[in-house]
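Shown next, in structure tokens, is the structure this report addresses.
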Number of protein chains: 2
Amino acid sequence: MNRRDFLKTGAVVGGSIAVAGVLGGCNDCEKDVNINRGKKLKLKLATSWPDKFPIMGTGVDRFAERVKTISGGSIEIKVYPKNRLVPALAVFDTASTGQIDIFHSGPYYWKGKNSAFSIFGGVPFGMTPEESIGWFRNGDGLELWRELYAKQNLYPLLGGNTGPQMGGWFRKEIKSSADLNGLKMRIPGLGGELFSRLGVNSVLLPAGEIYTALDRGTLDAVEWVGPALDKTMGFHKVAKHYYSGWNEPGSILELTFNKNSWEKLSDEQKQIIEVASNELHSEMSQNFHYENSKALRELKSDSSISIGQFPDEVTKTAKKEFEKLIDQLSSENSDFKKVWDSYSAYNLTVKEWTAISTTSYLNGR
Amino acid sequence: MNRRDFLKTGAVVGGSIAVAGVLGGCNDCEKDVNINRGKKLKLKLATSWPDKFPIMGTGVDRFAERVKTISGGSIEIKVYPKNRLVPALAVFDTASTGQIDIFHSGPYYWKGKNSAFSIFGGVPFGMTPEESIGWFRNGDGLELWRELYAKQNLYPLLGGNTGPQMGGWFRKEIKSSADLNGLKMRIPGLGGELFSRLGVNSVLLPAGEIYTALDRGTLDAVEWVGPALDKTMGFHKVAKHYYSGWNEPGSILELTFNKNSWEKLSDEQKQIIEVASNELHSEMSQNFHYENSKALRELKSDSSISIGQFPDEVTKTAKKEFEKLIDQLSSENSDFKKVWDSYSAYNLTVKEWTAISTTSYLNGR
């Protein structure tokens, strides 16, 4: 019930003076107080994650709970895990057509729709979470993202960051880039395209089939997320070489609205969603860091697992191939070029500060 | 006005049926909607920063604005810059006695009250912003902080992070730890105690007097914050050696309530403040990163300024002295020991993940 309804109701029951007294007359109350909370807004949110999926799924559940509380119960977001209402990778189209109001997923899944979208999800050798959040907010990342998603009838908000992801689990040690040649590896997104250029046969498999394929050797390697989520998949039991990576230095997740659903909201409702999504974003990064830290220690205590970095030669070769990939995608798609130019200009501005502050500190402490 | 008052008012004016109809009868409304927004809550917040102080002061102003909007105008936080209502460093005591409701400052200012408080502000050679936020939330940092502040009748929330700070501006090049001996340097907090152990004569000066003292040579060095805020002070014009640091790898700012003011809030009001303070915290880190990046580039374009790291020998000597300082503070104060044990245990858990993910990525990209 908004204030106008309230006053009207007061008039109907003949109590306008008493009602006005309550609203305007007491010491603690002021006439500009907005009590537009009586009308409940219900929104449907579908995710690409299983029910109670650690960190990502549970983060979205907490977001919905937070929105409900801080809106005085007036905004209720019903969260549907993958396949409950919408298949995991149908959330984009379903929100685009307005069958659901919101989805939570990762922009790297939609590069088939527009290769530029993958940049919003983060890129190999790209910005860290700390740097990229600045591109979205202080640079023009968010503006470009919204401009491109508007054509899909969508309105994106930041919905989390996985932090740096690992390079993957390999059945055999990688001593040089030649060892990658011909490997069958589960790796999606721009990282997958990059590994393909290094000779990897990049494949996509349903999550439930990866472990068995890796165990049987029909798959040689798998890139998933990081220690916390990888450990629950059990990859360490069947592939003993775990490499840190440069393929996903900080993958961004999205909380994306159907554009009409977003535009119908009042400024107050929009800000409630925004502030809660900003919390979701930072809380998810923090939870990934903590859960990955704990899982890494457990993995390190297993002496059968070797954890380390790819040899320098592999990293250098990958970096060169990545530059070629960027050139190719930029020449194929003007959207990609436009977003990449903005992304790399911002990166250039901030990476010197990262080097002199964070990198030199971490190396020296 | 909460729902009970509303119903009571309805009864007074004889309109209970019509009123109940509005609350419970329409399609969009539900009976559990909380419209406890009519009563305006006014809170006084004093900061330790000048009016419109970049990043920190302006961040607090945005926080107050956000709270107002997402509470439907029902929570109004009036922000008083330093000396407007309370002197900069009197905010702690003034909130403790309840003369103001909230203050925004840094826990490192209160080590004279309890040396343990300085740990909540961040410590030399300690955790990065990414790591320390986890200690507060996933570890028991926030719980310990609240336990100790409760004795001061205070209730702290996280209120920002400056990101890694610089080691300071020096009039002369530092080639070894011997060069620090006898220098007069403006540096506060645990960093100041550490530099004192390296032979520095650490002094505190009002902000307005530092530049002149540095120019005249009555001060040999100054540690302030980082490129963005340092540049506005003009230190680069009179001291040409700028070193990155390990004295403040990520200083935490606080948004601290008078405990009674906090406890009087409803759960909904508490959550509105919490979600907005979480946004304040992450947004401030992000803004520091961006503003420092821009300012660093400008400083680097001035060839008269030398920007680099302290020699390894200085860092190693400082690290050894810091361990002794921790031993001393732990033996002097059981609160310090308790908080330090928690802090260092958490640090141990997470630093391996930081090394394998962030550090190796930053070195290799």
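The values are calculated or read from the model by the stated rules, or taken from the named source; none is laboratory data. Keep in mind it's a predicted model, so treat the numbers as computed, not measured. All Cβ positions, glycine included, derive from the backbone under ideal geometry; neighbour counts span all protein chains shown.
Tallying residues that are of a type outside the set (A, V, I, L, M, F, W, C), touching a Phe, Trp or Tyr at 6+ places or on another chain (Cβ under 7 Å) and either more than 9 Å from every other protein chain (Cβ to nearest Cβ) or under 18 Å from B:I356 (Cβ atoms) (or both) within the range A:309-345 yields 4. Summed over the range A:126-155, the residues that are polar (S, T, N, Q) and surrounded by 24 or more Cβ atoms within 10 Å (Cβ to Cβ) give a count of 2.
Restricting the range A:259-274 to residues that are at the interface with chain B (Cβ under 10 Å from one of its Cβ atoms), part of a helix (DSSP H, G or I) and polar (S, T, N, Q), which is nearest to A:I100 (Cα to Cα)? Talk me through it step by step, then tell me what you get.
The first filter runs over the range A:259-274 and keeps only residues at the interface with chain B (Cβ under 10 Å from one of its Cβ atoms), leaving A:266-274.
Checking which are part of a helix (DSSP H, G or I) leaves us with A:267-274.
Of the ones still in play, those that are also polar (S, T, N, Q) are A:269, A:271.
Working: A:Q269: 18, A:Q271: 20 Å.
For the range A:259-274, the residue satisfying everything is A:Q269.
Which residues, counting only those in the range A:42-63, are within 14 Å of chain B (Cβ to nearest Cβ) and either surrounded by fewer than 20 Cβ atoms within 10 Å (Cβ to Cβ) or part of a loop (DSSP other than H, G, I, E, B) (or both)? Steps first, please.
At the first step, the residues of the range A:42-63 found to be within 14 Å of chain B (Cβ to nearest Cβ) are A:42-43, A:54-55, A:58-59, A:62-63.
Across the range A:42-63, the qualifying residues are A:K42, A:P54, A:I55, A:T58, A:R62.
Scanning the range B:82-96 for residues that are of a type outside the set (A, V, I, L, M), in contact with a helix residue (DSSP H, G or I) (Cβ under 8 Å, 6 or more places away or on another chain) and in a helix (DSSP H, G or I) gives a single hit, B:F92. Only residues that are modelled with pLDDT of 95 or more and not in a helix (DSSP H, G or I) were counted across the range A:188-223, and they come to 11. Given the condition over 28 Å from B:T128 (Cβ atoms), basic (K, R) and within 12 Å of chain B (Cβ to nearest Cβ), answer yes or no: does some residue in the range A:226-244 qualify? Checked against the condition, which is being over 28 Å from B:T128 (Cβ atoms), basic (K, R) and within 12 Å of chain B (Cβ to nearest Cβ), the range A:226-244 yields no hits at all.
Can we say B:I210 is in contact (Cβ under 8 Å) with a residue 60 or more places away in the chain and either surrounded by fewer than 21 Cβ atoms within 10 Å (Cβ to Cβ) or on the phi < 0 side of the Ramachandran plot (or both)?
no
Scanning the range B:340-350 for residues that are within 14 Å of B:I133 (Cα to Cα) and more than 22 Å from the chain's Cα centre (by Cα) returns a single hit, B:T349.
Kindly provide the set of residues from the range A:111-125 that are hydrophobic (A, V, I, L, M, F, W, C) and surrounded by 22 or more Cβ atoms within 10 Å (Cβ to Cβ), ordered by number. Answer for the range A:111-125, where residues must be hydrophobic (A, V, I, L, M, F, W, C) and surrounded by 22 or more Cβ atoms within 10 Å (Cβ to Cβ): A:A116, A:F117, A:I119, A:F120, A:V123.
Filter the range B:229-257 for residues that are out of contact with any strand residue (DSSP E or B) (no Cβ under 9 Å at 6 or more places or on another chain) and surrounded by fewer than 23 Cβ atoms within 10 Å (Cβ to Cβ); which is nearest to B:I174 (Cα to Cα)? Only one residue fits best here, namely B:K237. Among the residues in the range B:294-307, are any crowded, with 16+ Cβ neighbours inside 10 Å, under 20 Å from B:G250 (Cα atoms) and in contact with a strand residue (DSSP E or B) (Cβ under 8 Å, 6 or more places away or on another chain)? Yes, the conditions are met somewhere in the range B:294-307.
Would it be correct to say that B:L154 is in contact (Cβ under 8 Å) with a residue 12 or more places away in the chain and within 30 Å of B:S293 (Cβ to Cβ)? Working first, answer last.
Details: in contact (Cβ under 8 Å) with a residue 12 or more places away in the chain: yes; within 30 Å of B:S293 (Cβ to Cβ): no.
Considered against the rule, which asks whether it is in contact (Cβ under 8 Å) with a residue 12 or more places away in the chain and within 30 Å of B:S293 (Cβ to Cβ), B:L154 comes out as no.
Considering only residues that are closer than 15 Å to B:V91 by Cα and either assigned to a helix (DSSP H, G or I) or modelled with pLDDT under 95 (or both), which ones fall in the range B:134-155?
Within the range B:134-155, B:Y149 is the sole residue that qualifies.
Against the condition within 12 Å of chain A (Cβ to nearest Cβ), in contact with a His (Cβ under 9 Å, 6 or more places away or on another chain) and in a helix (DSSP H, G or I), how does B:S277 come out, does it pass? Answer is no for this residue.
Out of the residues in the range A:225-252 that are part of a helix (DSSP H, G or I) and basic (K, R), state the one that is farthest from A:S176 (Cα to Cα).
A:K231
Restricting to the range B:215-252, name every residue that is in contact with a helix residue (DSSP H, G or I) (Cβ under 7 Å, 6 or more places away or on another chain) and without any contact (Cβ under 8 Å) to a residue 40 or more places away in the chain. Within the range B:215-252, B:L219, B:M233, B:G234 meet the criteria.
Residues that are basic (K, R) and within 30 Å of B:G72 (Cβ to Cβ): does the range B:271-294 have at least one? Please lay out each step first, then the result.
Within the range B:271-294, the first condition is being basic (K, R), and the residues that meet it are B:294.
Still in the list and also within 30 Å of B:G72 (Cβ to Cβ): none.
No, the conditions are met nowhere in the range B:271-294.
Taken residue by residue, the range A:119-133 has at least one member that is in a helix (DSSP H, G or I), over 30 Å from A:K42 (Cβ atoms), modelled with pLDDT of 95 or more and away from every other protein chain (no Cβ under 12 Å). Filtering the range A:156-187 to residues that are crowded, with 20+ Cβ neighbours inside 10 Å, at negative phi and in a strand (DSSP E or B) leaves A:P156, A:L157, A:L158, A:G159, A:N161, A:M166, A:G167, A:W169, A:F170, A:M185, A:R186. Give me the residue from the range B:260-272 that is within 23 Å of B:I133 (Cβ to Cβ) and in contact with a strand residue (DSSP E or B) (Cβ under 9 Å, 6 or more places away or on another chain) and, out of that set, surrounded by the most Cβ atoms within 10 Å (Cβ to Cβ). Looking at the filtered set, the residue picked out is B:I272.
Which of the residues belonging to the range A:91-105 are under 12 Å from A:S48 (Cβ atoms) and crowded, with 24+ Cβ neighbours inside 10 Å? Hits for the range A:91-105 are A:V91, A:A95, A:F103, A:H104, A:S105.
Condition check for B:E352 on (1) in contact (Cβ under 8 Å) with a residue 60 or more places away in the chain; (2) within 14 Å of another protein chain (Cβ to nearest Cβ); (3) acidic (D, E): one failure, at (1).
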